[in-house]
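Everything on this sheet refers to the single structure shown next.
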Amino acid sequence: MVKIHLIKGVKWNGIGEPFEGTIIEGLSAQNVIDDGARRIYVTSGAEVLLTVDAEDLVGLDLRHSRLGFTDLTSFSLRGTNLSHCCLFGARLRGVDLSDSHICHSDLQGADLRAASLRNADLRGTHLGLALLQAAELTGADLSDARLPYAKYDLATKWPDGFDPIARRAKLVDST
């Protein structure tokens, strides 16, 4: 359950406590603290605005958030709306992003090794220099996605008919 400590500055689409489908628009990495206990604190200065347990990130609406270089490896983001987000250099290794909406986001240089992106909406997403080794992308929509110099290996699973070489992704040795 998401716990509200202070509402000031946090936007969502409900009244009272947030629920699945909550909108926390404009979240910034400078306002996110991961305590290592699968909990994120959204802060403003010294004030804690919102405490989110890892399981509560499933299905959240985080569109337009700026989470570049944020370490989200201990969280599940299944079904989360991350459209129009800056996730430049984010650490998402092994993260479940299945069924997520990540369209028109910036994932340049993001670590998505062994991440599950099954059936994810990645339309128009910039994945240049992303690490995609052993990533699961079956069923993902990669229409207009850019992958220049993204690294993948033979364990990477692409959608049927997708040609990573045509998108300038680079096959690397998996060792």
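Nothing in this text is a laboratory measurement; each read-out follows from the coordinates by a stated rule. Since we're looking at a predicted model, the values are computed, not measured. No Cβ is skipped: glycine too gets one built from the backbone with ideal geometry, and neighbour counts run over all protein chains shown.
Looking at the structure I just gave you, is S143 within 19 Å of H84 (Cα to Cα), buried (at least 23 other Cβ atoms within 10 Å of the Cβ) and either touching a strand residue (DSSP E or B) at 6+ places or on another chain (Cβ under 8 Å) or among the polar types (S, T, N, Q) (or both)? Give the derivation first.
Numbers: within 19 Å of H84 (Cα to Cα): yes; buried (at least 23 other Cβ atoms within 10 Å of the Cβ): no; either touching a strand residue (DSSP E or B) at 6+ places or on another chain (Cβ under 8 Å) or among the polar types (S, T, N, Q) (or both): yes.
When the stated conditions are applied, S143 does not pass them.
Condition first: more than 11 Å from the chain's Cα centre (by Cα), acidic (D, E) and in a loop (DSSP other than H, G, I, E, B). Can you find one or more residues in segment 114-126 that meet it?
Checking segment 114-126: not a single residue is more than 11 Å from the chain's Cα centre (by Cα), acidic (D, E) and in a loop (DSSP other than H, G, I, E, B).
Would you confirm whether or not segment 159-170 contains a residue that is outside any loop (DSSP other than H, G, I, E, B), acidic (D, E) and either crowded, with 18+ Cβ neighbours inside 10 Å or out of contact with any strand residue (DSSP E or B) (no Cβ under 6 Å at 6 or more places or on another chain) (or both)?
Keep residues of segment 159-170 that are outside any loop (DSSP other than H, G, I, E, B), which gives 165-167, 170.
Now restrict to residues that are acidic (D, E): none.
No, segment 159-170 contains no residue that is outside any loop (DSSP other than H, G, I, E, B), acidic (D, E) and either crowded, with 18+ Cβ neighbours inside 10 Å or out of contact with any strand residue (DSSP E or B) (no Cβ under 6 Å at 6 or more places or on another chain) (or both).
How about segment 121-175: which of its residues are of a type in the set (S, T, N, Q) and within 19 Å of D96 (Cα to Cα)? First the steps, then the outcome.
If we filter segment 121-175 for residues that are of a type in the set (S, T, N, Q), which is where we start, we get 125, 133, 138, 143, 156, 174-175.
Selection gives T125, Q133, T138, T156.
Suppose we filter segment 144-158 for residues that are outside any loop (DSSP other than H, G, I, E, B) and touching a Ser or Thr at 6+ places or on another chain (Cβ under 9 Å); how many remain? Walk me through it before giving the result.
The first filter runs over segment 144-158 and keeps only residues outside any loop (DSSP other than H, G, I, E, B), leaving 146, 151-152, 157.
Narrowing the set further to residues that are touching a Ser or Thr at 6+ places or on another chain (Cβ under 9 Å) leaves 146, 157.
Counting residues in segment 144-158 that are outside any loop (DSSP other than H, G, I, E, B) and touching a Ser or Thr at 6+ places or on another chain (Cβ under 9 Å) gives 2.
Among residues belonging to segment 58-91 that are part of a loop (DSSP other than H, G, I, E, B) and basic (K, R), point out the one that is surrounded by the fewest Cβ atoms within 10 Å (Cβ to Cβ).
From segment 58-91, those part of a loop (DSSP other than H, G, I, E, B) are 58-60, 62-65, 67-70, 72-80, 82-85, 87-90; that's our starting set.
If we keep only those that are basic (K, R) as well, we get 63, 78.
Working: R63: 21, R78: 17.
Going through the qualifying residues, I end up with R78.
Residue check: is G94 buried (at least 17 other Cβ atoms within 10 Å of the Cβ), free of Cβ contacts under 8 Å to residues at least 40 places away in the same chain and in a loop (DSSP other than H, G, I, E, B)? Break it down stepwise before answering.
Values: buried (at least 17 other Cβ atoms within 10 Å of the Cβ): no; free of Cβ contacts under 8 Å to residues at least 40 places away in the same chain: yes; in a loop (DSSP other than H, G, I, E, B): yes.
Here the answer is no, as G94 does not meet what is asked.
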